[in-house]
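The values are calculated or read from the model by the stated rules, or taken from the named source; none is laboratory data. Note that the structure is predicted; figures quoted are calculated from it, not measured. Here Cβ is always computed from backbone atoms with ideal geometry, including for glycine, and neighbour counts include all displayed protein chains.
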Amino acid sequence: MAAPPVTLCPSAQPDWQDARVFAVVGGTPDRPETAYLDQAEPVTPELLALASPVAPAEVFRIAAPCAQGACQHFDNAGHSCRLAQKTVGLMPIAFEKLPRCAIRADCRWWQQEGVSACRRCPQVVTVNFTPTRSMRQAADPDVISATPVGPDALQPAA
Amino acid sequence: MNQPSPACKPAHIANTDVEAMARQGVARALAARQAMMEMTPEEAAAVGGGLTLALAKPIIYGGLFTKLDVMNLGGLSSPIGF
């Protein structure tokens, strides 16, 4: 019997259990763009070696089962992912059309925020050395609400 | 800075193209690290020693349950706050 579907975090790290690569982030430092794979691939040492000498999560988008209440971004009261909420509330739309995505059906962000999350997902870099202010705000678990930061949202944070 | 108009559709690649795409990703990531390390003369004058390195920390966009040595952050001991 097949295992029941598991809700996936689309911004996981490679050492999480059952992690799989579903996209690769190209583009430029100022404008990262994600290319989505036909099929998510299990994380292997050979695959991660392709990211050397940087961190795998600087190059790959990795999905793994959502840790729910064990994650600092999870709202236990609302049983929802605040990172997904803030991604939609703070980040600009990156693409009008949705990418074909191998994990969409099981993705926490999709299940919770729908197309609004998918339109913003391609600009996400899990380990990001040049975040915009809005990315920095969204990634900060101490920032609870998604208050837009204005037209300079794409400026790299100081 | 004005927000750029959203592009039409994100890229979609065959799994056989991962290696080539990863090379582009590594180039972008290295450029991003370099960009974060570069400071204006005013910024450089205002700080010294290890503080420059302390400023050069990435964000972690997601949960953080990972040992930092696994993350290969180029000698950075901890990401900012996340």
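Among (1) modelled with pLDDT under 95; (2) in contact with a His (Cβ under 7 Å, 6 or more places away or on another chain), where does A:Asp30 come up short?
(2)
I'd like the residue in region A:15-25 that is more than 7 Å from chain B (Cβ to nearest Cβ) and at pLDDT 95 or above and, out of all such residues, is farthest from A:Pro65 (Cα to Cα).
A:Ala23
For region A:18-32, check the following and say yes or no: at least one residue is free of Cβ contacts under 8 Å to residues at least 60 places away in the same chain, outside any strand (DSSP E or B) and within 17 Å of A:Met135 (Cβ to Cβ).
yes
Taking region A:38-72 as the search range and keeping residues that are small (Gly, Ala, Ser) and touching a helix residue (DSSP H, G or I) at 6+ places or on another chain (Cβ under 6 Å), which one is nearest to the other protein chains (Cβ to nearest Cβ)?
Step by step, filter region A:38-72, then rank; the result is A:Ala55.
Restricting to region A:104-117, and then to whatever is buried (at least 23 other Cβ atoms within 10 Å of the Cβ) and not charged (D, E, K, R), can you tell me which residue is nearest to B:Arg28 (Cα to Cα)?
Applying the filter and picking the extreme gives A:Ala117.
With respect to A:Arg100, determine if the residue is at the interface with chain B (Cβ under 10 Å from one of its Cβ atoms), of a type outside the set (A, V, I, L, M, F, W, C) and either over 24 Å from B:Pro58 (Cβ atoms) or touching a Pro at 6+ places or on another chain (Cβ under 8 Å) (or both).
yes
Which is within 14 Å of the chain's Cα centre (by Cα) and facing chain B (nearest Cβ under 9 Å), of A:Thr34, A:Thr28?
A:Thr34
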